[in-house]
Structure formats: C-alpha cells, structure tokens
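Asks: What follows is a single structure, and I will ask about it in a moment.
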Amino acid sequence: MFENIDKEKLPKHVAIIMDGNGRWAKLRGLPRIYGHREGAKAVEKTIRIANNLGIEYLTVFAFSTENWQRPKEEVEAIMSLLVEYINTKVPKLIEENIKLKFMGRRDNLPDMILKTIEEGEEKTKHCDGMTFIVALNYSGKAEITDAVNKIISSGKKHITEKDFKNFLYLPDVPEPDLLIRTSGEQRISNFMLWQLAYTELYFTSTLWPDFDEEEFLKAIYDYQSRERRFGKVVSK
Ligand code: FPP
C-alpha cells in the first residue's frame with residue numbers, strides 16, 4: 001500500500017473523528033472503558049504512521065462539549081486515559097519532534113486536566129516536526145461562539161473571513177485537507193465546523209480501536225484520487 005501513496009500529494013492536515021470505541025467493547029462483552037483504552041492505543045499507532053508518512057498536522061476528536069453527559073465513570077475513564085497519555089507519552093513526542101496542542105474550551109476544565117495539558121504543550125513547544133492536536137472539551141459551535149465573543153470584546157465593528165480565522169482556537173493551523181470518521185457513521189458531529197468547509201470527507205465502517213496502518217493508507221490513497229476544486233472550475 002505504501003508504494004501506492006504519492007508523497008507529493010499528501011494531505012497537510014488530517015483530522016479524525018475517532019468513533020466506535022463503545023461498540024468495539026460491546027462486541028466483545030467488555031465495559032465501554034476497554035474500548036477507550038484500545039482507542040488510546042490506536043491513537044498512539046496513528047501518530048507514528050502520520051509522522052512517518054510526513055503529515056504535518058494530525059487532529060483527533062477526543063472529547064466533545066456534549067460528552068460530559070456520558071455516565072460519570074466513563075467521563076472519568078476518558079479523562080484519566082488522557083492524563084495518563086500526556087504524562088507517559090510526552091517524552092516520546094519530544095524524541096520524535098512532535099508538538100502537542102489542545103483545542104477546545106479551557107475555562108471549565110478540571111484544574112488537574114488543565115495543568116496536565118498546559119504542561120504537555122509547554123514541554124513540546126520547541127518541537128517543529130508534526131503537530132498533534134487533541135480536541136478536548138471541543139465543539140465547532142462553541143468555537144465559533146467563542147470567536148464571536150472575542151470579536152465583540154475586541155470592539156471590532158466589521159470583520160472579514162480572514163480576520164475571523166484569527167479568533168478561532170488555533171489560528172495558525174491550516175484547515176484539514178482530509179477528515180476521517182470511523183465506525184460507519186456519516187456525520188460531522190459539531191467538529192471543526194468553520195475549518196471543514198472544503199475538507200475531503202472519508203468514512204470507514206472500521207471501529208476506531210481497529211484503525212491501523214492499512215486503514216490509514218487506504219484513506220490517504222482515496223484522498224489522492226479526488227480532484228479538489230474549492231468551488232472553481234479546473235481545466236484539464
Ligand atoms: C468515540 O467512541 C470515542 C470517544 C468519545 C473517546 C475517544 C477517546 C480516546 C480514544 C481516549 C484517548 C485519547 C487520546 C488522545 C490519547 P464512542 O464511545 O462514541 O463509541 P460508540 O459510538 O461505539 O459508543
């Protein structure tokens with residue numbers, strides 16, 4: 001599969017809606033938390049594959065503003081997986097020159113989580129290889145609303161699309177070229193609503209914990225077969 005990939009036409013930014021952890025566990029008669037644990041392993045593998053391929057930005061949707069409504073034990077399990085991930089994997093990210101960033105509302109995050117993510121960002125801020133972005137306490141509508149409130153506070157009376165981008169959580173990150181969603185659902189689910197305007201969408205029925213190198217390369221290969229017109233006519 002690797003040999004089929006055109007290194008000159010790689011998506012610069014790949015975003016992923018990691019879906020299907022719960023179903024993966026249920027299929028095995030296990031509690032949902034086991035699915036998230038396997039999901040975290042799939043994240044780890046995906047970072048390596050993306051970095052080896054030469055992808056510049058990889059974003060994963062780890063926890064939405066709506067996910068707080070899940071059972072308390074599940075929320076706590078996902079949060080501790082994230083904390084464990086940051087605490088144990090940051091040295092490896094540094095070794096591989098990967099910058100860690102978080103995207104989402106920070107004001108209502110528990111102190112311990114906030115401290116952990118800020119430390120993760122601080123320790124990897126000098127890395128200038130791939131950027132790995134974790135969307136945490138994130139929703140696209142919340143991001144747009146927060147941007148509008150920042151604009152109001154800045155006193156601006158008029159704004160262009162280009163200016164608007166500067167009020168999003170990560171203004172310097174280019175918009176995703178490719179969005180992958182696993183588990184067969186074909187929805188955006190309030191993810192990066194502004195940034196996905198021209199993103200190529202790829203859906204696979206594979207559940208997130210089973211997402212592997214072959215699946216990732218299939219998505220890239222599919223992306224490379226598409227013609228991106230950005231609303232224009234492309235002459236042949
Ligand atoms: C979606 O599956 C998965 C989530 C909402 C949580 C994703 C979180 C992790 C993989 C934890 C680790 C993250 C990092 C960045 C290390 P679901 O529970 O909605 O599955 P279902 O639709 O089958 O119920």
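What follows is calculated from the coordinates using simple rules that are stated; it is not laboratory data. Since the model is a prediction, treat every value here as computed from it, not as a measurement. Here Cβ is always computed from backbone atoms with ideal geometry, including for glycine, and neighbour counts include all displayed protein chains.
Asks: Using beta carbons and a limit of 7 Å, which pairs, at least six apart or on different chains, have the first residue in the stretch 139-150 and within 9 Å of TRP194 (Cα to Cα) and the second one of a type in the set (A, V, I, L, M) and in a helix (DSSP H, G or I)?
Replies: Listed pairs, sorted by first residue: none to list.
Asks: Just checking, how many residues over the stretch 95-129 are touching a strand residue (DSSP E or B) at 6+ places or on another chain (Cβ under 9 Å) and closer than 28 Å to GLY54 by Cβ?
Replies: 17
Asks: Right, next: Which of the following residues is under 19 Å from SER139 (Cβ atoms), in contact (Cβ under 8 Å) with a residue 12 or more places away in the chain and within 12 Å of the ligand (Cβ to nearest atom): ILE17, ILE86, ILE33, ILE47? Working first, answer last.
Replies: On the way: ILE86 fails: under 19 Å from SER139 (Cβ atoms); ILE33 fails: under 19 Å from SER139 (Cβ atoms); ILE47 fails: under 19 Å from SER139 (Cβ atoms).
Only one candidate qualifies: ILE17.
Asks: Can LEU136 be described as of a type in the set (A, V, I, L, M), surrounded by 16 or more Cβ atoms within 10 Å (Cβ to Cβ) and either assigned to a loop (DSSP other than H, G, I, E, B) or free of Cβ contacts under 8 Å to residues at least 40 places away in the same chain (or both)? Outline the logic, then answer.
Replies: Details: of a type in the set (A, V, I, L, M): yes; surrounded by 16 or more Cβ atoms within 10 Å (Cβ to Cβ): yes; either assigned to a loop (DSSP other than H, G, I, E, B) or free of Cβ contacts under 8 Å to residues at least 40 places away in the same chain (or both): no.
No, not satisfied.
Asks: Residues being within 16 Å of the ligand (Cβ to nearest atom) and acidic (Asp, Glu): count how many of those fall in the stretch 192-236.
Replies: From the stretch 192-236, those within 16 Å of the ligand (Cβ to nearest atom) are 192, 203-212, 215-216; that's our starting set.
Cutting the leftovers down to acidic (Asp, Glu) gives us 210, 212, 215.
Going through the stretch 192-236 one residue at a time, the tally reaches 3.
Asks: Please pick out the residue among GLU143, GLU74, GLU122 that is surrounded by 13 or more Cβ atoms within 10 Å (Cβ to Cβ), more than 12 Å from the ligand (Cβ to nearest atom), acidic (Asp, Glu) and part of a helix (DSSP H, G or I). Before you say what the answer is, go through the steps one by one.
Replies: Details: GLU74 fails: more than 12 Å from the ligand (Cβ to nearest atom); GLU122 fails: surrounded by 13 or more Cβ atoms within 10 Å (Cβ to Cβ).
Only one candidate qualifies: GLU143.
Asks: Turning to a different aspect of this structure: Just to check your reading of the model, which residue among LEU109, LEU93, LEU58, LEU100 is aliphatic (A, V, I, L, M), assigned to a strand (DSSP E or B) and without any contact (Cβ under 8 Å) to a residue 60 or more places away in the chain? Outline the logic, then answer.
Replies: Values: LEU109 fails: assigned to a strand (DSSP E or B); LEU93 fails: assigned to a strand (DSSP E or B); LEU58 fails: without any contact (Cβ under 8 Å) to a residue 60 or more places away in the chain.
On inspection, the qualifying residue turns out to be LEU100.
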